[in-house]
Amino acid sequence: MSARGISDRVAIVAMGCTRFGEHWSASTDDLVIDAVRECLSAVPGTGLADVEAYWLGTLGSGQSGLTLSRALALDYRPVTRVENYCATGSEAFRNACYAVASGAYDKVMAVGVEKLKDSGFSGLTRADPPGDGTAPENTLTAPAAFSLLDPAYCAKYGVDPADMRAAMTHVAWKNHANGALNPKAQFRSAVSKEKIDAAPLVAGRLGVYDCSGVSDGAACALIVRAEDAHLYTDRPVYVKALALSAAPGRAAMDTGYDYTTFPEVVRSAEDAYRQAGITDPRTQISLAEVHDCFTPTELVLMEDLGFAGRGEAWRDSLDGAFELGGRLPVNPDGGLKSFGHPVGASGLRMLYECWLQFRGEAGERQLAEPRLALTHNLGGRPGACVSFVSVVGSELG
Amino acid sequence: MTGHGIVAYASYLPRHRLRHADLGAALGVKSGSGSRVAASFDEDSTTLGVEAARRALTGPPGAIFFATTSPAYLDKTNAAALHAALGLGRDGLAVDLAGSARSGTGALLAAAAAGGLAVLADVRTGLPGSADERGGADGAAAFLFGGPDEAIAELAARVSVTAEFLDRWRLPGEPASRRWEDRFGLESYLPLVTEAGRRALQEAGVTEPDHVVVTSPNPLVARRASALFPARVPAGRLPGHAGAADAGLALADVLDRAAPGESVLLLAAADGCDALVLRVTGRIAQGRQAHPLAAQLAAGRDVAYATYLTWRGLLDREPPRRPEPDLPAAPPSARSQAWKFAFTGSRCGRCAFAHLPAARVCKGCGAVDAMEPLPLSATRGTVVTFTADRLAYSPSPPLIDVVVDFDGGGRYTMELADASPAEVAIGMRVEPTFRRLYTAGGTHNYFWKVRPVEEER
């Protein structure tokens with residue numbers, strides 16, 4: 001829990017984002033170059049040499065700052081590579097913001113990239129330190145770990161498994177419908193509920209459409225002091241809150257943990273809301289980009305982030321609360337469902353949607369007068385996660 | 001004749017059964033009715049041995065003699081894994097008698113002479129369509145030898161004879177054994193069995209034994225030798241030939257049924273013959289295993305023939321499109337021996353929060369290095385939530401994982417063995433079982449799973 005936070009002290013003044021997808025013909029370098037070029041093209045007169053320091057988020061497409069400095073041929077600038085599971089891209093952004101807020105730099109860039117489709121495997125692969133072979137994550141895949149939420153949620157709240165299935169289907173249907181409106185998404189077509197329900201099973205009751213895709217992509221943000229923001233753009237995005245929570249690993253061993261919540265998300269959301277002065281997220285937040293890695297995850301997140309009451313997210317979701325025209329649009333850009341999850345890039349891709357929405361550049365997905373937006377990433381698995389929450393806004397104060 | 005008698009015993013039969021009819025239909029041959037007992041994909045002679053041994057053990061045995069014809073490792077002592085899984089710490093001898101069916105009686109005689117635990121375990125495999133495949137059985141039995149005042153059965157006599165001839169043999173690395181014409185083996189064995197049996201009975205002063213057990217990898221021998229040594233009490237129903245475990249399973253079945261004062265003639269014909277005469281004592285009623293072999297044999301769940309062949313490596317199926325998991329690294333595995341092999345976590349001495357695996361810093365109260373060991377291998381638990389992972393790398397997908405709350409505290413997410421996805425439910429009762437999770441990089445990854453509880457004790 002941060003004592004102060006850095007609300008309104010830094011701003012995003014330019015962003016870039018590649019299309020996400022199976023970029024067989026593009027390398028990690030190509031993705032980075034394309035995202036950074038788009039970003040800098042929005043701020044004429046500012047070049048790579050003007051950016052004082054860089055943060056690179058990538059899970060496995062590089063291991064040091066050299067991945068960025070070599071690709072961009074940077075002039076001996078400081079580059080820090082960060083990694084924090086699925087919150088990696090957000091972590092690059094968070095640390096870059098702190099560097100400006102500290103006064104050390106006036107102008108920095110956060111870049112996230114992931115090249116997943118060179119591995120030869122359809123899902124995410126892991127590179128763990130040597131171990132004794134007993135950890136469940138040694139064999140159990142991520143969709144299986146998150147599918148543990150489904151029976152537990154049904155049991156706790158007495159939800160008919162058919163209703164829960166319908167709610168999970170609705171999440172996939174909604175996010176694909178949103179992604180169909182987004183030219184940068186990996187999947188750009190709506191998917192019928194019948195097709196979602198009929199998909200082959202992956203783990204538990206999760207079918208292929210309950211899982212986010214696997215793609216390549218890169219995104220980046222140029223971050224400056226809030227007082228300098230209008231030197232670059234007339235519509236900057238101000239950082240209101242940055243919160244991160246890493247689990248002690250208690251829940252995985254705790255007989256009191258019931259697999260219907262992520263304690264890390266609750267904690268990071270509390271921290272972020274306090275920093276941003278948010279008391280009623282349901283009414284104060286205009287849109288949220290959350291970590292819909294699997295459909296039951298999004299349902300649980302609605303409750304952990306305070307967007308729905310406990311045991312109510314499944315019904316609220318079916319009632320349309322989180323659709324583009326609903327009371328709180330969630331994943332208006334299509335989410336991980338439509339974008340896939342190039343780990344290092346996802347957090348910045350979420351911010352990119354907030355950036356477009358605040359500037360009125362979200363096309364068919366454009367929401368009316370958004371003021372505050374939330375982004376959220378979750379890394380790990382139920383029982384022990386890292387959770388990131390940011391709040392960004394279109395105005396100071 | 002010896003200072004050590006059997007003080008405890010237990011048998012373990014894996015749950016899967018391969019229907020002969022299923023096998024016959026797949027191969028287009030007549031295969032008769034009935035079934036064979038089949039170890040699951042995650043079981044080997046070491047894990048079978050652990051399951052039998054932990055049921056028989058009442059305290060540190062002093063020594064472990066482990067017999068098998070299907071050692072999981074060569075050039076490494078498999079009995080050491082048993083020793084670790086039994087949570088025996090550092091003390092004592094643990095040694096393999098690996099090679100032929102005779103290793104089984106070898107282990108019994110060694111434990112009888114020195115005191116200690118004889119563990120006989122085997123996974124018997126034959127080529128598709130072979131008599132070994134159809135008539136074999138997988139299983140394990142363990143016998144703890146101790147002081148005569150505690151014995152449920154005393155060893156009254158033993159006679160061993162040895163002969164060198166080719167009846168059954170296998171080169172290291174070959175998937176199945178070769179056999180000479182069975183009648184040659186029969187003619188070679190009969191004089192050996194006759195001699196050893198007569199001498200042993202004479203030595204023990206027994207004229208007509210109450211129970212007779214004849215075991216041999218040569219299928220003709222058992223039938224003929226039984227006629228040479230008639231028993232007063234008819235033999236029980238046994239699984240097929242279980243290699244080095246065969247004599248142990250047969251003896252366990254006799255002890256399940258024998259009355260005080262009764263005599264047992266055990267004849268094991270393998271590259272010679274070992275004849276043992278045992279006398280059952282008055283303690284037998286208290287010393288019988290809780291779950292008799294006949295009941296273990298009657299239980300079971302079917303496995304499809306194609307699945308069985310895949311488990312045995314005889315059908316090379318397309319692997320999951322996932323990277324092979326990492327092999328268990330030696331130093332971390334050694335550091336976590338109590339956890340990985342004995343399923344022992346820790347409980348905070350201050351706040352009692354249970355940690356699986358053990359931790360130094362308490363996740364309940366933050367106390368540092370205030371932990372006490374929490375052994376859970378004999379503790380049952382309840383399923384909190386579950387999944388069937390169809391994407392995971394598994395030798396037999398889907399991989400079922402359950403979150404288990406153990407009775408008295410402690411939670412872990414682990415694999416469910418011997419079950420199919422449709423059987424899993426919240427609230428299901430489960431118990432730990434020692435298994436091989438997978439083999440990667442030429443290294444077995446042993447750890448505990450849970451399996452459905454068949455009956456509450």
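The values are calculated or read from the model by the stated rules, or taken from the named source; none is laboratory data. Small disclaimer: the values here were computed from a predicted structure and weren't measured. Because the Cβ atoms are built from the backbone with ideal geometry, glycine has one as well, and the counts that use them run over all protein chains shown.
Points worth noting:
- Residues in segment A:129-152 that are in a loop (DSSP other than H, G, I, E, B), at negative phi and facing chain B (nearest Cβ under 7 Å) were compared, and the one that is modelled with the lowest pLDDT is A:T139.
- Residue check, A:V111 part of a helix (DSSP H, G or I), surrounded by 24 or more Cβ atoms within 10 Å (Cβ to Cβ) and either of a type outside the set (K, R) or within 14 Å of chain B (Cβ to nearest Cβ) (or both): no
- B:R168 being modelled with pLDDT of 95 or more, more than 22 Å from B:L278 (Cα to Cα), under 24 Å from the mean Cα position of the chain (by Cα) and surrounded by fewer than 23 Cβ atoms within 10 Å (Cβ to Cβ): yes
- Test: residue in segment B:64-72 that is out of contact with any strand residue (DSSP E or B) (no Cβ under 7 Å at 6 or more places or on another chain) and not aromatic (F, W, Y): no
- For B:Y438, the conditions (1) more than 12 Å from chain A (Cβ to nearest Cβ); (2) surrounded by 13 or more Cβ atoms within 10 Å (Cβ to Cβ); (3) farther than 14 Å from B:T385 by Cα are fulfilled apart from (1).
- Applying a threshold of 6 Å to beta carbon distances and a minimum spacing of six or more residues, or different chains, the list of pairs starting in segment A:183-195 at a residue that is farther than 10 Å from A:Y209 by Cβ and ending at one that is surrounded by 13 or more Cβ atoms within 10 Å (Cβ to Cβ) and at pLDDT below 95 reads A:Q186/A:G213.
- Across segment B:410-423, the number of residues qualifying as assigned to a loop (DSSP other than H, G, I, E, B) and either surrounded by fewer than 19 Cβ atoms within 10 Å (Cβ to Cβ) or more than 9 Å from chain A (Cβ to nearest Cβ) (or both) comes to 4.
- Within segment B:108-122, if we keep just the residues that are hydrophobic (A, V, I, L, M, F, W, C) and over 14 Å from the mean Cα position of the chain (by Cα), the residue that is farthest from B:A275 (Cα to Cα) turns out to be B:A114.
- One residue stands out among those in segment B:399-409 that are more than 8 Å from chain A (Cβ to nearest Cβ) and not β-branched (V, I, T): the one that is surrounded by the most Cβ atoms within 10 Å (Cβ to Cβ), which is B:F406.
- Test for B:S377: is it in a loop (DSSP other than H, G, I, E, B) and within 10 Å of another protein chain (Cβ to nearest Cβ): no
- Top-ranked residue of segment A:153-187 - restricted to ones that are within 30 Å of A:D34 (Cβ to Cβ) and either of a type in the set (D, E, K, R) or surrounded by fewer than 23 Cβ atoms within 10 Å (Cβ to Cβ) (or both), ranked as nearest to the other protein chains (Cβ to nearest Cβ): A:F187
- Those residues of segment B:265-303 which are outside any strand (DSSP E or B) and among the small types (G, A, S), in sequence order: B:A270, B:G282, B:A285, B:G287, B:A290, B:A294, B:A295, B:A298, B:A299, B:G300
- One residue stands out among those in segment A:218-262 that are away from every other protein chain (no Cβ under 14 Å) and of a type in the set (S, T, N, Q): the one that is farthest from B:G409 (Cα to Cα), which is A:T233.
Quick grid of which residues meet (1) closer than 20 Å to A:G379 by Cα; (2) in contact with a Ser or Thr (Cβ under 9 Å, 6 or more places away or on another chain):
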residue	(1), (2)
A:D50	no, no
A:G60	yes, yes
A:Q63	yes, no
A:R77	no, yes
A:E83	yes, yes
A:A104	no, no
A:V108	no, no
A:G133	no, yes
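- Output for segment A:52-73, where each listed residue is buried (at least 19 other Cβ atoms within 10 Å of the Cβ) and part of a helix (DSSP H, G or I): A:T67, A:L68, A:A71, A:L72
- Test: residue in segment B:439-457 that is hydroxyl-bearing (S, T, Y), under 23 Å from A:G383 (Cβ atoms) and at pLDDT 95 or above: no
- If you go through segment A:27-51 and keep only what is surrounded by fewer than 20 Cβ atoms within 10 Å (Cβ to Cβ) and assigned to a loop (DSSP other than H, G, I, E, B), you end up with A:S27, A:A42, A:V43, A:P44, A:G45, A:T46, A:G47.
- Those residues of segment B:159-185 which are acidic (D, E), under 20 Å from B:E133 (Cα atoms) and part of a loop (DSSP other than H, G, I, E, B), in sequence order: B:D167, B:E174, B:E181
This table checks each residue for (1) under 30 Å from A:V265 (Cβ atoms); (2) touching a His at 6+ places or on another chain (Cβ under 8 Å); (3) without any contact (Cβ under 8 Å) to a residue 40 or more places away in the chain.
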| residue | (1), (2), (3) |
| --- | --- |
| A:E38 | no, no, yes |
| A:L66 | no, no, yes |
| A:L74 | no, no, yes |
| A:D106 | no, no, no |
| A:M109 | yes, no, no |
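- Tallying residues that are in contact (Cβ under 8 Å) with a residue 60 or more places away in the chain and in a loop (DSSP other than H, G, I, E, B) within segment A:153-163 yields 1.
- B:R360, sole failed condition from (1) touching an Asp or Glu at 6+ places or on another chain (Cβ under 8 Å); (2) within 23 Å of B:V453 (Cβ to Cβ); (3) surrounded by fewer than 21 Cβ atoms within 10 Å (Cβ to Cβ): (2)
- Some residue of segment A:273-288 being assigned by TED's automatic domain parsing to the domain that holds A:G309, surrounded by 20 or more Cβ atoms within 10 Å (Cβ to Cβ), within 20 Å of A:N84 (Cα to Cα) and not β-branched (V, I, T): no
- Failed condition for B:A330, given (1) surrounded by fewer than 17 Cβ atoms within 10 Å (Cβ to Cβ); (2) touching a residue at least 12 places away in the same chain (Cβ under 8 Å): (2)
- Taking helices (runs of 4 or more DSSP H) as the structural unit, those lying wholly within segment B:305-374 and holding at least 3 residues that are within 15 Å of A:G131 (Cβ to Cβ) correspond to B:330-335, B:337-340.
- Of the residues A:L367, A:L356, the single one that is in a loop (DSSP other than H, G, I, E, B) and of a type in the set (A, V, I, L, M, F, W, C) is A:L367.
- Residue in segment A:140-152 that is among the β-branched types (V, I, T) and closer than 30 Å to B:V384 by Cβ present: yes
Conditions (1) buried (at least 19 other Cβ atoms within 10 Å of the Cβ); (2) farther than 23 Å from A:G334 by Cα; (3) in contact with a strand residue (DSSP E or B) (Cβ under 8 Å, 6 or more places away or on another chain), marked per residue:
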position: A:A203; (1), (2), (3): yes, no, yes
position: A:L222; (1), (2), (3): yes, yes, yes
position: A:T233; (1), (2), (3): no, yes, yes
position: A:S245; (1), (2), (3): yes, yes, yes
position: A:A251; (1), (2), (3): yes, yes, yes
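- Those residues of segment B:341-373 which are under 20 Å from B:H83 (Cα atoms) and more than 11 Å from chain A (Cβ to nearest Cβ), in sequence order: B:A342, B:T344, B:P373
- Residue match in segment A:246-263 (condition: assigned by TED's automatic domain parsing to the domain that holds A:M350 and under 15 Å from the mean Cα position of the chain (by Cα)): no
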